[in-house]
Each structure stands twice: as structure tokens, then as C-alpha cells.
1. Based on alpha-carbon atoms only, what is the radius of gyration of the stretch 132-247 relative to the globular estimate 2.2 N^0.38 Å?
2. Which whole number in µm²/s is D for the stretch 1-115 by Stokes-Einstein, with the Kirkwood Rh taken over Cα pairs at 37 °C and 0.692 mPa s?
3. Between helix 301-319 and the chain, what is the angle of the helix's C-alpha long axis to the longest principal axis, kept within 0 to 90° and rounded to the nearest 10?
4. Using modelled backbone amide H atoms (1.01 Å from N, in-plane), which distant-in-sequence or interchain residues come within less than 5 Å of residue 183's amide H?
5. Using R₀ = 30 Å, calculate the FRET efficiency as 1/(1 + (r/R₀)^6) where r is the Cβ-Cβ separation of residue 267 and residue 208; round to 0.05.
6. Within the stretch 150-200, list the trypsin sites (Lys or Arg not before Pro) lying in a DSSP loop whose Cβ has at most 15 other Cβ atoms in a 10 Å radius.
7. Are any of the pairs 255/297; 232/255; 53/177; 255/299; 177/255; 53/298 more than 25 Å apart by Cα-Cα distance, and if so, which?
8. Using a simple charge model, +1 on the beta-carbon of Lys and Arg, -1 on the beta-carbon of Asp and Glu, nothing else, what dipole does the chain show about its Cα centre, in debye to the nearest 20?
Amino acid sequence: MSEQSIHTEAVIIGAGPAGLFQVFELGLLGIKTHVIETLPRPGGQCSELYPDKPIYDIPALPICGAQELIDRLMEQIKPFAAQFHLAEEAAQLRRREDGRFHLVTSTGTVFDAGAIVIAAGVGSFQPRRLALESAAAFEGSQIHYSVRNAAGFHGRKLVIFGGGDSALDWALNLAPKAESLTLVHRRAEFRAAPASVERMRALEAEGKLRFIEGLAQALHGEPGALSSVTVKANDGVLHALPAEHLLVFFGLAPKLGPIGNWGLELDKRAIKVDTEKFESNIPGVFAIGDINIYPGKKKLILSGFHEAALTAFAVQRYLYPAKKQFLQYTTTSPVMQKRLGVAGG
Ligand SMILES: Cc1cc2nc3c(=O)[nH]c(=O)nc-3n(C[C@H](O)[C@H](O)[C@H](O)COP(=O)(O)OP(=O)(O)OC[C@H]3O[C@@H](n4cnc5c(N)ncnc54)[C@H](O)[C@@H]3O)c2cc1C
């Protein structure tokens, strides 16, 4: 193994609710984890798709906001100090002859892992792209799907596409600093917070920002040197907008991504597992949460939590086959309480 690889007992792929609770269940058994997550923050569907919505079917929490659930899980797993590798996608996975795993992420981080738990939900969230053939030539340089360095847009001619919170927030943030800024959305209704829409309309009235209801039709310029974008307004009028940068916020769509290339047995884009260990067809690779499938599977957070508990024991058995397993309660086990960093009660 190369010197730079991270040697660890277990790697969890995906930081949705199932992956986060897996950190906890493995932590209780004294197993250290690294977590890889494509997005720049943990939370999976709860944080990306419905952060403000209340969830009513988490045991003992009659009502819990989706983001609140993630915040609580992050708090609960703190004692186990899992290392998070955010904004990295698990890209390659290979089982070695010694039964350990060689895993490489999209940014080149290499792991030498004892076991793998895939908690990848409905797959990696990827930004929905601008559906113009010539877009690829400008992506990464002048077409952006997220903002890494806002200062780079100051004093520039900008066009922002989208009607959700990201589009509105960045339009409001950058309008006072850009040379020009046009917001383009396919309709007059927005998915963003009403207060943001109001502020956008106020800036429009002051002439600090332009709003067009319409769609991108064509890009102009040399690859790497975008000069303008043609937008077709819903009333049929074509607008040629000078543009140095396009910021596109059409939301995120899940893609199974590289997981489909790892030799895992799949059924309907989900990983087939047994219901005792939640192990895939590759020994030592387990799958929990929305990404797995077995007879009777229900894609609920509750199911992911249960699967994480049983998988922890299966991972322990895979890593340490000779170790005697027995069930301990957090209420009474001094060993678990020590791991949790709490005084015995
Ligand atoms: C609107 C809505 C409401 C819902 N309400 C409820 C409810 O009330 N109760 C309930 O029980 N369930 C509800 N659900 C379903 C629930 O959100 C899912 O069951 C749950 O999020 C699954 O958790 P997970 O951890 O398996 O996957 P996810 O939450 O999908 O998280 C998986 C994570 O893995 C990451 N990932 C994927 N591939 C890779 C890779 N190759 N490398 C690195 N990271 C990767 C993804 O980016 C993602 O962050 C709801 C879902 C939606 C959309």
C-alpha cells in the first residue's frame, strides 16, 4: 500500500442519516470510521431536499425537523470523532486478496480500509446542468453550479439561472458587487423564501438587477472565453445578455455514480443485501439505508437505523472473526459509557 493511504478499520460512504448512525453503532463497538460524502456537508436527503420539513416517524421524537435530525445525529456521534471527507466522492473500490479494501476518492484520497459500509442513499447528489450542448466547453471556468470564491464574481457581468433559495441568495448577494446581474427563471413563481423574492423585486425596481422569465437558448464566445448568453423570454423575445460568468442553480439530482462499477450485485439500482448482516455479494462490503434492497425493504430513516445496528456487529465479525460478540446496553456497559465519554450511571 502506498505511504499516503489512510489506514482505517471502516469507511462509510455517504453522510445521510443512515451513514451518520453507522458511525455511532460502530463507535459503540470501538470501531473507528472515516466518512466520505460527495456534498460539502453531511445530511443527505434530509439536508438537501427537505431541511425545514417536520418528520413525524422517528421513534421517541414526536416531531423533528429534517435538519434538526441531522444536527442531533452529528451531536450524538461526536464522541467517536469520525473523520469526515466532505466534497469527495468515493470513486474506485477494489477488494484486495487479503480481504482489505483499496478505496480512492474523486480528489485522490486513498484508503486502506478493513471494511466498507455503503450508505449512499439514492446515490451521489449532482447539480442539474445547463441543458445546452455548448455548455460543457465553459463548465468549471465560466459556468458554475456552486460558488467556491464569491470575490471572483465581483465587478463581473453575471447571469444567474434558477428560482430556488441558492439562485435568489446569490442574486441578492452579488447584485451590489457585480458590474451587471440578470436573474433568469423559467416562470414567475419561485421556490425561494418569500422574503428573498421580495428583496429581489425591490432591487429590480431600483435597477440594480434585471429579472427575465425565460430559458437559456445559446452561448456565445470561444471555449474558456464566454462573452454572452441568449435568453428566450416567455413572451418570445430574445435577449442577448453580456455574460462573463453564468451561475446555474437548478437543484441537485441523485446519480448512482461510480458505485455501479464496483462489481456489486444490483437490483433496480440498489445493492442486494441479506437481512442478517446487510452484506453485499462482495464480502466485507455492506450496504444500509436507501441504497440497499432486500425482500420487504422500506426506504425509511428508521430502517436505515436498524440496519446500521446489525451491520456494526457484522463489520466487527468481518474485521475480528475470533472476537467473541455479546450484546451490551449503553445504560449499563462501562466500556460503552467510556467510549461515549459519559460517567457511569
Ligand atoms: C421530501 C422527502 C420527505 C421524506 N420524509 C421522510 C419521513 O418523514 N420519514 C422517513 O423515515 N423518511 C423520509 N424520507 C426518506 C428519507 O429521507 C430517506 O429514507 C433517508 O434520507 C435515507 O437515508 P440514507 O442515509 O440511506 O441516504 P441519503 O439521505 O440519500 O444520503 C446518502 C448520501 O450519500 C452520498 N453519496 C452517494 N454516493 C456517494 C459516493 N459515491 N461517495 C460519497 N458520497 C456519496 C449522497 O451525496 C448523500 O448525501 C423523505 C424523503 C424525501 C425526499
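1. Values: Rg = 13.2 Å, N = 116, 2.2 N^0.38 = 13.4 Å.
So the stretch 132-247 has a normalised radius of gyration of 0.99.
2. Translational D for this selection: 220 µm²/s.
3. The two axes meet at around 50 degrees.
4. Under 5 Å from the amide H of residue 183 lie the amide H atoms of 160, 210, 211, 212, each far enough along the sequence or on another chain.
5. Values: r = 53 Å, r/R0 = 1.77.
About 0.05, to the nearest 0.05.
6. The qualifying sites are 177, 186, 187, 191.
7. On the way: 255/297 20 Å; 232/255 30 Å; 53/177 33 Å; 255/299 17 Å; 177/255 35 Å; 53/298 20 Å.
The answer is 232/255; 53/177; 177/255.
8. Working: 36 positive and 35 negative charges, 78 e Å.
I would put it at about 380 debye.
The values are calculated or read from the model by the stated rules, or taken from the named source; none is laboratory data. Owing to the predicted nature of the structure, the values given are computational and were not obtained by experimental measurement. Counting neighbours? That spans all protein chains shown, and the Cβs are built from the backbone with ideal geometry, glycine included. What goes into the accessible areas is simple: the full protein's heavy atoms, side chains included, and nothing from ligands, DNA or RNA. Shrake-Rupley method; radii C 1.70, N 1.55, O 1.52, S 1.80 Å.
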